[in-house]
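Below is one structure; the comments refer to it alone.
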């Protein structure tokens, strides 16, 4: 059964029904060249994030992303490159599904 927890209300990662791999519902700040957003879920093969319509990439576009998070009072940044595989408009925001082209790497 799929578990529904909105990441912006969650304090810990929540395992969501797998597609091509386990997905974890977690809200992290994400920065791209053309805007900012927030992750909705992350898996070993991709990232789903929400951003503004103005920052909406096209399907097939390559995006460089920086994810920001804190652990025990320390701030961390992780970078990756991904390909946009789906874009869905949700009100005045868009959900962008990506497939990772490179593994997450420390940006420190």
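The numbers here are math on the coordinates, done by the rules we state, and not lab data. Quick caveat, the model's predicted, so the values are computed rather than measured. All Cβ positions, even for glycine, are placed from backbone atoms using ideal geometry, and neighbour counts span all protein chains on display.
Calculate I(q)/I(0) for segment 7-106 by the Debye formula, one identical point scatterer on each C-alpha and no solvent, and give its log10 at q = 0.12, 0.14, 0.21 Å⁻¹ to two decimals.
After summing over all Cα pairs, the log10 values are -0.35, -0.48, -1.13.
If R₀ is 25 angstrom, what is the calculated FRET efficiency for the pair residue 54 and residue 22, using the beta carbon separation as r and rounding to 0.05?
The pair residue 54/residue 22 has a calculated efficiency of 0.20.
For residue 85 and residue 106 in one chain, what is 0.36 nm times their gap in residues minus the Cα-Cα distance, to one decimal in nm? Please report the intermediate quantities before stating the final value.
Numbers: separation 21, 0.36 × 21 = 7.56 nm, distance 2.41 nm.
In short, 5.2 nm is gained.
Put a dot 7 Å past each Cα toward the Cβ at residue 70 and residue 34; how far apart are the dots in nm?
It works out to 3.1 nm between the two label points.
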